[in-house]
Amino acid sequence: MKLLLVLCFLPHFMKCLELPQATIQIWNNIAKDNYQKCAEEFNIDLDLAENYLSYLHFPDEKQFQCFLRCQYNDANLLTSEGYFDHAMVVDQVHFLTHEIAEKCIQEAHQVTDYCERSYYAGTCSIAELLNIDRRDLAVRQN
């Protein structure tokens with residue numbers, strides 16, 4: 001009986017964990033011109049590249065981390081030294097509050113590897129928006 005209840009309510013709980021369509025559209029408007037370029041450069045499946053926010057699927061792999069770095073760099077969210085430009089992030093990524101941007105950028109800047117830094121900032125931001133642990137977004141593909 002308990003299993004039946006879990007199975008009945010599981011789709012409702014899963015549906016709760018999604019970003020608003022407006023949030024996804026804002027990011028798509030920023031990044032749509034470089035999905036294919038960055039996906040090809042880092043050998044990322046184009047479907048994943050175009051839909052990782054909809055799927056809430058952030059593979060914890062170097063190629064995907066570097067794909068995100070490519071996205072952020074092409075959107076002018078990174079300085080020439082590879083750090084996030086807080087003003088540009090808040091100006092362009094309208095769905096992030098100043099507080100979320102500040103928290104995630106500060107924490108990401110503690111990471112020395114540029115690709116990992118981008119991955120950390122991305123998963124931190126989405127996790128903060130959804131109020132979940134960012135590790136819930138990290139899916140290892142081994």
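What follows is calculated from the coordinates using simple rules that are stated; it is not laboratory data. What you see is a predicted model, and the numbers here were worked out from it, not measured in a lab. Backbone-built Cβ (ideal geometry, glycine too); neighbour counts: all protein chains shown.
Restrict the search to the stretch 64-142; then list the trypsin sites (Lys or Arg not before Pro) that DSSP places in a loop and that have at most 14 other Cβ atoms within 10 Å of their Cβ.
Values: sites: ARG69, LYS103, ARG117, ARG134, ARG135, ARG140; in loops: ARG140.
Taking the stretch 64-142 and a limit of 14 other Cβ atoms within 10 Å, the loop trypsin sites (Lys or Arg not before Pro) found are ARG140.
With the dipole of the chain worked out from charges on the C-beta (+1 for Lys and Arg, -1 for Asp and Glu) around the Cα centre, which of ALA108, PHE58, GLN71 lies farthest toward the positive end? So the residue we want is PHE58. Relative to the longest principal axis of the Cα atoms of the chain, the long axis of helix 62-74 lies at roughly 60 degrees. Amide H contacts of PHE58 (H built 1.01 Å from N, in plane; Pro and chain starts excluded): VAL139 sit under 5 Å, all sequence-distant by 5 or more or on other chains. For the stretch 72-115, GluC sites (Glu not before Pro) meeting the loop criterion (DSSP other than H, G, I, E, B) and having at most 12 other Cβ atoms within 10 Å: GLU81.
Shown for the chain: lysine pairs separated by 8 or more places, or found on different chains, whose C-alpha atoms are under 28 Å apart, numbering 7. The long axis of helix 2-16 is offset from the longest Cα principal axis of the chain by roughly 30 degrees.
Our estimate of slack between GLU107 and GLN63, defined as 0.36 nm per intervening residue step minus the Cα-Cα distance, is 13.7 nm. Percent relative contact order of the chain, based on C-alpha pairs within less than 8 angstrom and at least six residues apart? Contact order relative to length: 25 percent.
Each residue of the stretch 76-82 was assigned a 3J(HN,Hα) from its phi angle through the Karplus expression (A = 6.51, B = -1.76, C = 1.60, θ = phi - 60°), giving 6, 8, 10, 6, 5, 8, x Hz with x at Gly and Pro. Could you give the angle, 0 to 90 degrees to the nearest 10, between helix 114-130's Cα long axis and the longest principal axis of the Cα atoms of the chain? Relative to the chain, helix 114-130 is tipped by roughly 40 degrees. Given their separation in residues at 0.36 nm each and the Cα-Cα distance between them, GLU81 and ASN28 gain 16.6 nm when the chain is fully extended.
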